[in-house]
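Trainee: Just passing along the structure, written as structure tokens.
The values are calculated or read from the model by the stated rules, or taken from the named source; none is laboratory data. A quick note: this is a predicted structure, and the numbers were derived from the prediction, not measured. Methodologically, a virtual Cβ is constructed for each residue, glycine included, from the backbone with ideal geometry; neighbour enumeration extends over all protein chains shown. With ligands, DNA and RNA removed, areas are computed over all heavy atoms of the protein, side chains included. Shrake-Rupley method; radii C 1.70, N 1.55, O 1.52, S 1.80 Å.
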Amino acid sequence: MTVCLLLLSVVALTAAVPVPRALTRAAWPERDPVVALWVWQCLVATVLLCCLTALVLGAAAVFHTVRDRVFAPAPPAVTAAYDLSVAPVWAVTLTALLACGAAWTTAMLARELVEARRRRGQTRAHLRERAPELPAGLPAARGPMLVLEDEYPDAWWMPGHPPQLVVTTGALQRLTDHQLDAVLTHERGHARAHHDWLLHLSTALATGFPRVPLFAHFCDQTHRLVELAADDTASRRCGHLTTALALIELNQHRGVLSCASSRRLLGERVDRLLEPPPRLLRRQRALTTTVAALVPLLPLLITFAPGLSALS
């Protein structure tokens, strides 16, 4: 058990500190944001699996009830291979910290989901107030698209039940048909990929553990990469120039090309659309995706290795 906990700690620390910092400095994620999002998710899954498996092993060593439940179907030789008879003091401390971390993570995720549901409810209520009144006898606007009377051009996808695409009259007046199609394709790309769930997860982890480099970078990069991925979806259908012009028209009143930190991403997106980088080769994408998918298996391999060796 001691060796397993040490190896799990090494893997978790490696995936949580140096790897995210190296990934943020790399240039290839901009070339294929979908693959980059997959890599970030696999890194987070690796760290969470390390913590979960270490918590289970530590709890089995400290508490006999947990040990009996976890190793109930296992032969005696497997249980003996983990050497759970005596738990060192540092293992008890680590188990307590991991238990607190698991409880805190669950609380942060629950809080984020509750807050997101509350914000969606407030937004829908606000939109119902802003939506134009329909003549008597017509049903309320609950279709896939909602048009708001507003001189400022804007469009966004509002998740929920049912999900709706909100477009202002300013956007309809300013955008051409092809530009409007690019905007709608961009927002549908967010909806099809369920980017809202990924954003909720990254926000909850970054809020709960702001000093962990992996979670902080995961939150920042997720907000950036989901926009790049949706831009790619729109540009593949409507063209890079059309998508860039639509982005400029929608955000011109906000200062899309300014240097403010909150708006810098918009400028980077426009530059990327006007000068699109070459995508990763198919072999590179397959190799990166496969290696990233195998990384979360390391905690499971470390955890089950003593039992498998005992059976063999």
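Trainee: Inspect region 248-261 for any residue being under 26 Å from Leu201 (Cβ atoms) and either loosely packed, with under 13 Cβ neighbours inside 10 Å or at pLDDT below 90 (or both) and give the result as yes or no.
Mentor: Yes: one or more hits.
Trainee: Additional query: Go through region 24-53 and give me each residue that's over 30 Å from Val86 (Cα atoms), of a type in the set (A, V, I, L, M) and touching a helix residue (DSSP H, G or I) at 6+ places or on another chain (Cβ under 7 Å).
Mentor: Val34, Val35, Ala36, Leu37, Val39, Leu43, Val44
Trainee: Moving to a separate point now. If a residue must be aliphatic (A, V, I, L, M), open to solvent by 50 Å² or more (accessible area, probe 1.4 Å) and in contact (Cβ under 8 Å) with a residue 24 or more places away in the chain, how many such residues does region 63-77 contain?
Mentor: Qualifying residue count, region 63-77: 1.
Trainee: Suppose we keep only residues that are touching an Asp or Glu at 6+ places or on another chain (Cβ under 9 Å) and in a helix (DSSP H, G or I) within region 78-133. Which one would you say is least open to solvent (accessible area, probe 1.4 Å)?
Mentor: In this case the residue turns out to be Ala116.
Trainee: Next question. For region 296-307, name all the residues that are in contact (Cβ under 8 Å) with a residue 40 or more places away in the chain and open to solvent by 50 Å² or more (accessible area, probe 1.4 Å).
Mentor: Within region 296-307, Leu298, Leu300 qualify.
Trainee: Let me ask you something else. In the set Thr185, Thr207, Thr222, which member is out of contact with any Ser or Thr (no Cβ under 8 Å at 6 or more places or on another chain), assigned to a helix (DSSP H, G or I), polar (S, T, N, Q) and in contact (Cβ under 8 Å) with a residue 24 or more places away in the chain?
Mentor: Thr207
Trainee: When only residues in region 11-21 that are open to solvent by 60 Å² or more (accessible area, probe 1.4 Å) and over 18 Å from the mean Cα position of the chain (by Cα) count, which is nearest to His223 (Cα to Cα)?
Mentor: My answer is Pro18.
Trainee: Would you confirm, using the coordinates I've provided, whether Arg269 is charged (D, E, K, R), at pLDDT 90 or above and assigned to a helix (DSSP H, G or I)?
Mentor: yes
Trainee: Tell me which residues, restricted to region 185-225, are aliphatic (A, V, I, L, M) and either at pLDDT 90 or above or crowded, with 18+ Cβ neighbours inside 10 Å (or both). Steps first, answer last, please.
Mentor: Taking region 185-225 as the starting set, the residues that turn out to be aliphatic (A, V, I, L, M) are 191, 193, 198-199, 201, 204-206, 212, 214, 216, 225.
Scanning region 185-225 gives Ala193, Leu198, Leu199, Leu201, Ala204, Leu205, Ala206, Val212, Leu214, Ala216, Leu225.
Trainee: Within region 38-59, is even one residue over 22 Å from Ala102 (Cα atoms) and over 17 Å from the mean Cα position of the chain (by Cα)?
Mentor: No; the residues of region 38-59 include none that is over 22 Å from Ala102 (Cα atoms) and over 17 Å from the mean Cα position of the chain (by Cα).
Trainee: Please identify the pairs in which a residue from region 21-33 that is closer than 13 Å to Leu225 by Cα has its Cβ atom under 9 Å from the Cβ atom of a residue that is exposed (fewer than 11 other Cβ atoms within 10 Å of the Cβ) and not charged (D, E, K, R), counting only partners at least 6 apart or on another chain.
Mentor: Final answer for the pair search is Arg31/Pro278.
Trainee: If you don't mind, another one. Give the residues of region 272-283 that are open to solvent by 80 Å² or more (accessible area, probe 1.4 Å) and either farther than 12 Å from Asp231 by Cα or in contact (Cβ under 8 Å) with a residue 60 or more places away in the chain (or both), sorted by residue number. Walk me through it before giving the result.
Mentor: Going residue by residue through region 272-283, those that are open to solvent by 80 Å² or more (accessible area, probe 1.4 Å) are 274-275, 278-279, 281-283.
Residues satisfying the conditions are Glu275, Pro278, Arg279, Leu281, Arg282, Arg283.
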